[in-house]
Structures are given as C-alpha cells and as structure tokens.
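**Q** Shown below is the structure under consideration.
The values are calculated or read from the model by the stated rules, or taken from the named source; none is laboratory data. Quantities reported herein were computed from a predicted structural model and do not represent experimental measurements. Note: ideal-geometry Cβ built from the backbone for every residue, glycine included; neighbour counts use all protein chains shown. The area values use the complete protein model at the heavy-atom level, side chains included, leaving out ligands, DNA and RNA. Shrake-Rupley method; radii C 1.70, N 1.55, O 1.52, S 1.80 Å.
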Amino acid sequence: MVLTGFRPRRLLVVVAVLFGVLATGIAPAAAHAALTGSDPAQGSVVAHAPEQVALTFSEGVAMGNDSLRVLDPHGKRVDRGKLRNLCSGSVVKYGAGLPPGLPNGTYTVAWQAISADSHPVSGAFTFSIGAPSKTSAAVPQQQVGGGLVGALYEIARYLAYAGFVLLVGGAAFVVACRPAAARVRSVQRLVVRGWALLTGATLAMLLLRTPYTGSGKLADVFDFGGLQQVVLSKPGAALLSRLLLLAAAALFVAVLFGTYARVHAPDAADAGEATDAEDAEDTAKRRKDLTFGLAVGGAVLAAGLATTWAIAEHASTGLQPAVAVPVDVLHLLAVAAWLGGLAALLVSLYWGPPVERTAVRRFSRVAFGSVLVLVATGTYQSWRQVGSWQALTDTSYGQLLLVKVGLVAVMVAVAGLSRRWTGRLTTAAEGTDGTEPTAAPADAQHAPDAEDAPAADAAGSAGPANPARVAQLARQQAAVTTARTKRIRDADPVRRGLRRSVLTEAAVAVLLLAVTTALTTTEPARTAEAVKTASADQSADANQPRVLNVPFDTGGADGKGTARLDLDPGRSGGGNELRLRIADPSGKARDVPQVAVSFTLGAKKLGPLPVALRHSGTGHWTASGVQLPVPGRWQLSLLVRTSDFDQVTETRNVTID
C-alpha cells in the first residue's frame, strides 16, 4: 500500500474532525442499568391505590430519596419522599411509599439513577387507579446524561482515553524500545501532551459529573456541594484517584526526559570511553538501574491509571467482576502499549533524527505481544458483555463490537505491511551496533555544520561579533542543517514507505479509539437482551388468559369436583371468551345439571353481570363476548348444582386490565 499526495498533519486533523462529528452523535449515553419491571406495571390499571411504587433494575444502581417521584393527574408529587431499598439477593429493587386513599386517575412515575458502571439512566411511565384519566404531569423530555453536558462529557471521556494512550504508550516506547527517543523533542511533546490531555479531561469529567448525572445544566459545574457528593461516589473517587496518580506520573515524566535522557545521551557514553573501563562500567550500571526503576515505577503507575477505569465502568458490574477488573486493566495496558507506541514511532519517523532499525523491531515485538493480549482479553470481555452470537447483530453493543473487531483486523493488516518495510531496512547506513550514524546526535540541528564553519570563522575574524548577526547566522545554520537531515532521511524509499504505513495505522487507531469510547457508553448486549426478554415476558404475561381452578363440594353424593375457568384475554371490554371445565376428583370431565357464572365489581357498583354459557361437550361450557366494562378487581361467582337439592356457590377475585 502506497500513499501519495498527502500531508500527515492535515490527515490527522481530518481524522480528528471526523471523530468530533461521531462523538457529538453519541450523547445521550445508552443506559447500562435498565428498568426490567415495575409494580404497578407500566400502563396498567389497578382497582385500588397501591401501598407503594416499586422498580426493578437489571443491575445495581445508586438512588436517592428524590430519584423516584410519583405525580398525580395534576402534576403534584404524592409519594412519601423516602426511598425504600427492596433489594433481595440478586434482585435490584427500590420503591417509594404512597399515602392511602389516592383518588382515581392516571399517575406518572419519573425516576433516575446511576448505574453501577457510572452511567446515568432515567425514565418515566404511567399507571392508573380505577380508570385512566387526563394528566398534566410534566416529565423532563431530555434524558439524564444528554444534551450539551452529555456531549461534553463524552468528548472528555474520549480525550481521557487518548491522553492515557499517549502518556503510557509513549513512555513505554521510550523505555522499552528506543531510549534515545528520550532526547527527541517530538516524542517529549507527545508524552507531555498526553499527560496534560489526561489531566485536563479528568478534571473536566469531575466537574461535569454533577450536571451529567443530575440537572443537565452546564452552570452546575460550579456547584461545589454537588462536587462533594460526586467525590463520595465510586466514579468520583476513581476520577480523584486518577488525578493523584497523574501527580506521581508528572514526576515520572520529569525523570524520563531529564535524568534518563542525560544518562542515555551519546556524550555520556563517549565520556565513559574516554576515561577508564571502571567509569564506563559505572555508566552502564547507572543506565541499567535507572531503566529498571522507571520500568517498574511506570508499570505500577500505568496499572493504577488503568484501574481507575476498570473499577468504575463495565468491568465492575455483571458477571465475574473479580476476574473482569484485572482483565480490563490488561486490556487497557495492551491498547496503550500498541497505540501509544505507534504514535511515538510515528512522530519519531516524521519529526526527529532517523529511527534505528533495532528500535522499530523492538516495537514490532511489543506490538505483537500487545495484540495477543488484546485478543485474549477481548475474547473474554466479548463473551461477558455479549453472551450470544445473535446479540452481536441484534444489539447496538454487538454491532459496535463487530466494527471494533474489523478496525483491529485492518490495523493488524497494516502493521504487517509496516513489518515488511522494517524487514527491508538495510544495515548499509547503520553502524556495526545497528544504530543510525545520524541518530546519536539527537540535537544535531543545534550543532555547527562543517560546510558553514568557514563562514562562521570569517564572521569571527572580521572583528567584534554583532549579537543580532550571530543569532541570524545561527538560525540560518540550524535551518540548513535541519533541511539537509530531512532531505537525507526522506531520500530512503524504504523508510518513506515505513512512515506512510505507520501513519495509516495511526489513522485507523484514532477511529478504533473512538469506537472503543462509544462502547463504554453503550448498553452491554447481555443487558439489552435481558431487558428485551423481560419485556417480552411481561407482554406475554399481560396477554395470558386469567385461569382459575376452583374446588367445590355441594355436599351430596358425587358432589365434589374441580372447576377450571379460563378468561381470555382477561381485559376490559367485550372481547373476552370464557371456557369452563368441570371435573370429578379423579380429573375426568363430567356433566352437572347446572352451572352459572357472573361478575361483580363492588368498587363501581357494577353487577352481578351474568355470563351466557353454552354447553360444548362433556364437562365443557363456553361463552363468547363476555362484557367487563372497566378494569379493576372483579369478583367471579360460580354456581354448581350436582342434583335437585345439592348446589354450592364459590367466589374468587380476578384482576381485569
């Protein structure tokens, strides 16, 4: 693959703008905890006022006393204002008590909560007491976590991921692949900007957390009372911990580009060779000890930063959280090592002295190991969050996951192309140790050029030096040296091909990071499927016929038996069908001289409403078009006569929607 006619900076800007467009379409974030049931059920009509309204969720949520509000038909809040924790075992359930004697009409339930993986979720539904009515209750049209605040929060979340990748991956590239890069300005800027980006994004998320999970008003970022509550929550504690770790990371970066860079400077090695062997050995030992210390300290900091995501998002909820959290940490570290190292290699190839072949090969091995870790951890996470093959195509999470897998496959293919270019790098222009002859003087752009030396000597011998003239000559000299270095570097077609393939890989990585961020704000497929199943079950339950088994005993000979009544679909109106079966104690259908059924709704003073039964077979009677005018808790009366003198009337209650 050969790319021509482009500028790397312009391409990266275009990719960044493309993600900006994608990111603005992410909000509001999809719910991760979902409402799977309620009592009373959504849209139901109950005969009497319930004692409470209860909500059941798919996973753990955080709710306060104002998180669940019940509004009467006039929009007035009628719940008692105190949340009840009704959780039992794996069932996540909360409720709010209602006062007795609520009048008939349609009531609105508005709720909002914070799911265990830090994402806000909200909703509203209605139920009716006695009969439906008009309602003027105002329900927020915008879901919590949406609007401008939601968009800003999601952008900050993406920038935080990007900063983590650049900081951790860039530092790992320097320590593990190319120590000489510690003195390359472009790599230094990349890592420092990654630290600044992660710090700024974390601060923004901390301040936006209050409006993001509450009012949705941007002005609430200055609500310090709300900020105090955020810090006490799990997501807030994770963000605060990340800031503390970033303070330690600042010291790590200072040592990396300070002491570590000086120890690995070419003049340090030359000084060691100019003295005796003992000094050279001390220099080598110092390099080794400092590299080991930075590697261990950096690994601890990187793992700590990754943990601040793992303990506050998907991995901390659902199946096997004790396994999922460390797996998620490994996944994030592998992403940073691959993508962040790729970014460091990219800026090294475009801005800086030529990169050594050994450094490229080291990164190739690191990237290959990272891909293996990503495959292993990603497979586990996919199983945990998706759960079935069908969910891959039927849910938003599964579809995004397929896009992510496709992008990873493209990146691996382009990485294979980069590996081929790496294999073509010759040693003709390299020293015997495999390093570039021009790579050692990382500050070569500041060194005097041999061709310009006579001019400098002439300027010096002409008389007292003019400071302005000296500065001008120095700038010209640096420009000439930089241009010559770039011309020599770009003349190598193999290295030019390597730069372009790495740039393509980095562009795909930007999109991959965008999809990964979108996945963190999308309801996991397993949860979505569970909610869909629960909704289907509720719908099926609502459409199930009302079934009553009524034992009876008329007191005479052969007076015992059981009556089974099926009222289908058991809804108010005139479309019900009643099926009655009379059986003896052994369960065999039998005829009786007389059966009669009627319905009474005492609350509305309706009834008794008799049902016209038609004998349809031995022990079977049916009636079509049974009229039950309004929903409510009806009383069913069943009269059974087994002889001229023996009969009994049994009553049962049945709820009609």
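**Q** In nm, what is the difference between 0.36 nm times the number of residues separating ASP39 and GLN390 and their Cα-Cα distance?
**A** Full extension from ASP39 to GLN390 adds 123.3 nm.
**Q** Here is a follow-up. With the dipole of the stretch 171-239 worked out from charges on the C-beta (+1 for Lys and Arg, -1 for Asp and Glu) around the Cα centre, which of GLN229, THR213, GLY194 lies farthest toward the positive end?
**A** Towards the positive end, the residue furthest out is GLY194.
**Q** Could you check the spin-label model distance between TRP383 and GLU51? Points 7 Å from the Cα along Cα→Cβ, value in nm.
**A** With each label point 7 Å from Cα toward Cβ, the separation is 4.5 nm.
**Q** Please list, ordered by chain and number, the residues whose modelled amide H lies under 5 Å from the amide H of SER133; skip anything fewer than 5 residues away on the same chain.
**A** Amide H neighbours of SER133: THR106.
**Q** Right, something else. Between the alpha-carbon centers of the stretch 177-224 and the stretch 578-643, tell me the distance in whole angstrom.
**A** Between the Cα centre of the stretch 177-224 and that of the stretch 578-643, the gap is 71 Å.
**Q** OK, next. Once phi is turned into ³J(HN,Hα) by the Karplus curve 6.51 cos²θ - 1.76 cosθ + 1.60 with θ = phi - 60°, what whole-Hz value does each residue of the stretch 626-642 show in order, with x for glycine and proline?
**A** Listing the rounded values in order: 5, 8, 10, x, 10, x, x, 9, 8, 9, 9, 10, 10, 9, 10, 10, 9 Hz.
**Q** How much length is gained if the chain between ARG193 and SER133 is pulled fully straight, taking 0.36 nm per residue apart and subtracting their Cα-Cα distance, in nm to one decimal?
**A** Here the answer is 15.7 nm.
**Q** Rounded to whole Hz and in sequence order, give me ³J(HN,Hα) for the stretch 232-241 from the Karplus expression 6.51 cos²θ - 1.76 cosθ + 1.60, θ = phi - 60°, writing x for Gly and Pro.
**A** Residue by residue, the stretch 232-241 yields 7, 7, 5, x, x, 5, 5, 5, 5, 4 Hz.
**Q** Separation between the THR649 and VAL296 pseudo-spin-labels, each 7 Å from Cα along Cα→Cβ, expressed in nm?
**A** For the pair THR649/VAL296, the computed spacing is 9.0 nm.
**Q** What residues qualify as long-range amide H neighbours of THR36, i.e. H under 5 Å apart, gap of 5 or more or another chain, H built at 1.01 Å from N?
**A** Amide H neighbours of THR36, under 5 Å, 5+ apart: THR56, PHE57, SER58.
**Q** Where nothing but the Cβ of Lys and Arg (+1) and of Asp and Glu (-1) is charged, how large is the charge dipole of the stretch 190-271 around its Cα centre, in debye to the nearest 20?
**A** Roughly 260 debye for the stretch 190-271.
**Q** Sticking with this one: Could you compute the FRET efficiency for LYS82 and HIS615, with r as their C-beta to C-beta distance and R0 at 51 Å, rounded to 0.05?
**A** With R0 = 51 Å, the Cβ-Cβ based efficiency is 0.35.
**Q** Please compare each pair in LYS560/LYS604; LYS134/LYS604; LYS76/LYS234; LYS234/LYS404; LYS217/LYS404 to a cut-off of 31 Å on the Cα-Cα distance and tell me which ones are over it.
**A** Long pairs (Cα-Cα over 31 Å): LYS560/LYS604; LYS76/LYS234; LYS217/LYS404.
**Q** Mind checking the dipole of the stretch 39-135: about its Cα centre, +1 per Lys or Arg Cβ, -1 per Asp or Glu Cβ, Debye to the nearest 20?
**A** Here the stretch 39-135 has a charge dipole of around 280 debye.
**Q** What's the extension gain from ARG361 to ALA322 if we count 0.36 nm per residue and subtract their Cα-Cα distance?
**A** 10.4 nm
**Q** Follow-up. With a point put 7 Å past each Cα toward its Cβ, work out how far GLN476 is from GLN635 in nm, to one decimal.
**A** Here the answer is 11.1 nm between the modelled labels.
**Q** What figure in square angstrom, to the nearest 10, would you give for the accessible area of HIS615 with a 1.4 Å probe?
**A** 100 Å²
**Q** Check each of the trypsin sites (Lys or Arg not before Pro) in the stretch 30-133 and keep only those in coil by DSSP with at most 12 other C-beta atoms within 10 angstrom; list them in order.
**A** LYS76, LYS82
**Q** Counting only protein heavy atoms, what percent of the accessible surface of the stretch 591-657 is carbon or sulfur at a 1.4 Å probe?
**A** 49 percent
**Q** Could you give the C-alpha radius of gyration of the stretch 33-185 expressed as a fraction of 2.2 N^0.38 Å, taking N as the number of residues it contains?
**A** Compactness ratio reported: 1.55.
**Q** Could you sort the peptides 201-209, 222-230 by per-residue average Cβ neighbour count (10 Å cutoff), highest mean leading?
**A** Ranked from most to least packed, the peptides come out as 201-209, 222-230.
**Q** Given H placed 1.01 Å from N in the peptide plane, which residues other than close sequence neighbours of ASP79 have an amide H under 5 Å from its amide H?
**A** Amide H neighbours of ASP79: VAL70.
**Q** Next question. Hey, for a label at LEU606 modelled as a point 7 Å past Cα toward Cβ, could you say which residues of the stretch 35-62 have their backbone N under 14 Å away?
**A** 45-48
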